[in-house]
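One structure is given below, encoded as structure tokens.
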Amino acid sequence: WKEKKWEPVKDFTGELEGSQADYYKAIFTLFREYSEHITEVTFWGISDKMTWLDHFPINRNNYPLLFDDDYNAKKAYYAIIDF
């Protein structure tokens, strides 16, 4: 077993934002496909301002959530509500 070294994301680039939106869209498409079995989705936070990833296992932020540090919706948010 080799320990994985975690590196913080320095900049939330347009490429990263697009990839994140694609990822969320794919996941929520799957959730909708199985909506007879999936009735709720829980997020561990709403904004990148403070996430469960902060300080675990090191101080890092990889911008995982649907809203940025200022609570503005990101492309990922629109990817899951526009279907």
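A few comments on the model shown:
- Rolling a 1.4 Å probe over the protein heavy atoms leaves Phe67 with an accessible area of roughly 40 Å².
- Extension gain, Ile38-Phe12: 0.36 nm per intervening residue step, less the Cα-Cα distance, totals 6.3 nm.
- For Glu40, the accessible surface of its heavy atoms amounts to roughly 150 Å² (probe 1.4 Å, protein chains only, rounded to the nearest 10).
- Take Ile80: with every protein chain present and a 1.4 Å probe, its accessible area is about 20 Å².
The values are calculated or read from the model by the stated rules, or taken from the named source; none is laboratory data. What you are looking at is a predicted structure, and each value in this text was computed from that prediction instead of being measured. Note: accessible area is taken over every heavy atom of the protein model, side chains too, but ligands, DNA and RNA are not part of it. Shrake-Rupley method; radii C 1.70, N 1.55, O 1.52, S 1.80 Å.
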